[in-house]
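Worksheet: one structure, shown below.
Throughout, read-outs are computed from the coordinates displayed, never taken from laboratory work. Keep in mind that this is a model prediction, so the values were computed, not measured.
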Amino acid sequence: MEGGFGSGFGADFGSGGGGGGKLDPGLIMEQVKVQIAVANAQELLQRMTDKCFRKCIGKPGGALDNSEQKCIAMCMDRYMDSWNTVSRAYNSRLQRERANM
């Protein structure tokens with residue numbers, strides 16, 4: 001995935017549709033937002049994988065047994081639910097703080 005980050009990011013910046021080499025600030029901001037969202041999703045997946053693997057897999061082998069599969073599924077569900085709860089609370093707080101500015 002690292003290759004996809006670098007190649008699309010730099011290549012799209014300068015191609016403003018024949019605008020004489022001018023950078024479109026709106027386009028740049030959208031690209032940055034997408035890059036941040038992708039990085040956040042990758043971090044979430046990595047943390048969830050690490051945590052649930054350590055919790056559920058006692059002895060790594062060629063396949064997961066039934067109890068390991070159930071543990072992984074439940075762990076990932078709980079992790080995602082927790083992430084969503086924290087994200088909603090954080091976004092709500094940001095909106096309140098912006099409204100008070």
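The stretch 40-101 has equivalent-ellipsoid semi-axes of 34, 11, 7 Å, by the square roots of 5 times the alpha carbon gyration tensor eigenvalues, sorted largest first. Listed by chain and number, the lysines whose alpha-carbon sits under 16 Å from that of Lys55, ignoring those within fewer than 8 places in the same chain, are Lys70.
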